[in-house]
Amino acid sequence: ETNKSVEPAQPTAGMQSLKSARFLQVRNEAINYPEGIKSPNPALNVTSKSRGRCYDKDFLLQFQEVFREKPSVDWDQKLKETVGDSTDSARPQSAR
Amino acid sequence: ANGSSDKPSTSSTANGDSDVRTVFDDPENFNVKHPLMNNWTLWFTKPPSGKGDNWAELLKEVISFDSVEEFWGIYNNITATSELAQKSDYHLFKKGVRPEWEDAQNKHGGKWAFQFKDKKAINIDALWLHVMLAAIGENLEDEDDNEVMGVVVNVRRGFYRIGLWTRTVGRSLPGEQGKGKTVEQSKETLMKLGRRFKAALQLKENDPVEFSGHTDSAHAGSTRAKAKFSV
């Protein structure tokens, strides 16, 4: 079960894109989102200090079905160590 | 490795033929991401095993992130709140702040909170998501308010509770007196946060969201003035 010769999993294209992508300058770049995708509400970013980094709920929700990559190849293991796997957490606690 | 960076970049932004590719253009091969105003850390409190484990060991840092895309990658691959065991918590806090009232940045603060007592009547996953989006999208505070520390959801036997932790209890901190805000302004900022938090939870007008200072709850019965508001 603990076979150490297993090849390490390779990051997916989506994981690599996330890592190498640069931050948009939301206020200074005209972004042409594909048709049907709403831009961030400009009213949220009118002041100088917001740096274009305020986003309304409707804008953010558009990403929900679009980006579903795990944060890293070892995510399942990491999740198990922190949150516990779902079978663990779903198990009702016995009151002893 | 795929040589896409060698492609001549025709910068004709007008017709969408630019070299800027968002996740909406190509979720596998995008080259820009949406920055968040703050770096955020997601924490998780494990339910106690009943073997005398102390709370600090149960509080685990899960991951930090600073882009919209990263947030969704995490959210889409983590246990839903509705599937957590009792006595679990998720905490989403600004990076560098531990989600404990003892943290130096929390010890003068407090929280707005609402308890959902009828667990079956609500969609806790949607509510917690909307509160997280309000936090990372910076819809809860205005620039310079410097009040939001983080948001939290508690899973308990009889209820779910969602909270918003603030840096102050609506008055200036020791050593910060006279730095800009009057007492009235500090309190008004805190009340504004409460109203926006309530709006993010889509609560009815007559469902009160209540504020309490951390030290008030830690030393119940102390004689210090209680900061207790509701919106």
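When residues of the range B:6-53 are filtered for being assigned to a loop (DSSP other than H, G, I, E, B), modelled with pLDDT under 95 and aliphatic (A, V, I, L, M), how many remain?
The number of residues fulfilling the criteria is 1.
Which residue is modelled with the lowest pLDDT, if the candidates are limited to the range A:38-47 and must be assigned to a loop (DSSP other than H, G, I, E, B) and open to solvent by 90 Å² or more (accessible area, probe 1.4 Å)?
That would be A:46.
Working only within the range B:57-75, note down all residues that are within 20 Å of the chain's Cα centre (by Cα) and either open to solvent by 30 Å² or more (accessible area, probe 1.4 Å) or of a type in the set (Val, Ile, Thr) (or both). Walk me through how you get there before you give the answer.
Within the range B:57-75, the subset within 20 Å of the chain's Cα centre (by Cα) is B:58-75.
Across the range B:57-75, the qualifying residues are B:60, B:61, B:62, B:63, B:64, B:66, B:68, B:70, B:74, B:75.
Enumerate the pairs (first residue in the range B:49-71 and within 8 Å of chain A (Cβ to nearest Cβ); second residue anywhere and in a helix (DSSP H, G or I) and among the basic types (Lys, Arg)) with beta-carbon separation below 9 Å, excluding pairs fewer than 6 apart on the same chain, so at least 6 apart or on different chains.
B:62/A:78; B:63/A:78
Condition (residue is surrounded by 19 or more Cβ atoms within 10 Å (Cβ to Cβ), touching a Gly at 6+ places or on another chain (Cβ under 7 Å) and either under 16 Å from residue B:33 (Cβ atoms) or within 7 Å of another protein chain (Cβ to nearest Cβ) (or both)) applied to the range A:27-37: is it met by at least one residue?
Checked the range A:27-37: no residue is surrounded by 19 or more Cβ atoms within 10 Å (Cβ to Cβ), touching a Gly at 6+ places or on another chain (Cβ under 7 Å) and either under 16 Å from residue B:33 (Cβ atoms) or within 7 Å of another protein chain (Cβ to nearest Cβ) (or both).
From the list B:84, B:92, pick out the single residue that is modelled with pLDDT of 95 or more, crowded, with 21+ Cβ neighbours inside 10 Å and more than 10 Å from chain A (Cβ to nearest Cβ).
Every option except B:92 fails the conditions.
Under 7 Å by Cβ, and 6 or more places apart or on different chains, what pairs join a residue from the range A:53-70 that is polar (S, T, N, Q) with one that is part of a loop (DSSP other than H, G, I, E, B) and open to solvent by 10 Å² or more (accessible area, probe 1.4 Å)?
A:62/A:37; A:62/A:38
Filter the range A:48-70 down to the residues that are at the interface with another protein chain (Cβ under 7 Å from one of its Cβ atoms) and open to solvent by less than 60 Å² (accessible area, probe 1.4 Å) and list them by number.
If the condition is that a residue be at the interface with another protein chain (Cβ under 7 Å from one of its Cβ atoms) and open to solvent by less than 60 Å² (accessible area, probe 1.4 Å), then A:50, A:53, A:54, A:55, A:56, A:60, A:63, A:64, A:66, A:67, A:69 are the ones that fit.
Within the range A:49-96, work out how many residues are part of a helix (DSSP H, G or I), modelled with pLDDT under 75 and closer than 27 Å to residue B:23 by Cβ.
Of the residues in the range A:49-96, 3 are part of a helix (DSSP H, G or I), modelled with pLDDT under 75 and closer than 27 Å to residue B:23 by Cβ.
Looking at the structure I just gave you, is residue B:175 open to solvent by less than 40 Å² (accessible area, probe 1.4 Å), more than 13 Å from the chain's Cα centre (by Cα) and at pLDDT below 95?
Values: open to solvent by less than 40 Å² (accessible area, probe 1.4 Å): no; more than 13 Å from the chain's Cα centre (by Cα): yes; at pLDDT below 95: yes.
No; evaluated as a whole, the condition is false for this residue.
Give just the number: which of (1) in a helix (DSSP H, G or I); (2) within 17 Å of residue B:153 (Cα to Cα) does residue B:73 not satisfy?
Condition (2) is where residue B:73 drops out.
Checking the structure you have, find out if any residue of the range B:59-81 is touching a helix residue (DSSP H, G or I) at 6+ places or on another chain (Cβ under 6 Å), modelled with pLDDT under 95 and of a type in the set (Phe, Trp, Tyr).
No, there is no match, as no residue in the range B:59-81 is touching a helix residue (DSSP H, G or I) at 6+ places or on another chain (Cβ under 6 Å), modelled with pLDDT under 95 and of a type in the set (Phe, Trp, Tyr).
State all residues of the range B:154-171 that are in a strand (DSSP E or B) and closer than 20 Å to residue B:38 by Cα; if no residue qualifies, say none.
Answer for the range B:154-171, where residues must be in a strand (DSSP E or B) and closer than 20 Å to residue B:38 by Cα: B:163, B:164, B:165, B:166.
Just need a number here: residues in the range B:95-125 that are buried (at least 18 other Cβ atoms within 10 Å of the Cβ), outside any loop (DSSP other than H, G, I, E, B) and not hydrophobic (A, V, I, L, M, F, W, C).
Number of matching residues: 2.
Which pairs turn up if I take residues in the range B:109-127 that are closer than 18 Å to residue B:166 by Cα and look for partners that are of a type in the set (Ser, Thr, Tyr) with beta carbon separation below 6 Å, at least 6 apart in sequence or on another chain?
Close Cβ pairs satisfying both conditions: B:109/B:166; B:109/B:168; B:110/B:166; B:110/B:212.
Return the only residue of B:145, B:207 being open to solvent by less than 20 Å² (accessible area, probe 1.4 Å) and assigned to a loop (DSSP other than H, G, I, E, B).
B:145
The values are calculated or read from the model by the stated rules, or taken from the named source; none is laboratory data. Quick caveat, the model's predicted, so the values are computed rather than measured. Counting neighbours? That spans all protein chains shown, and the Cβs are built from the backbone with ideal geometry, glycine included. Accessible surface is based on the protein model in full, side chains and every heavy atom, while ligands, DNA and RNA are left aside. Shrake-Rupley method; radii C 1.70, N 1.55, O 1.52, S 1.80 Å.
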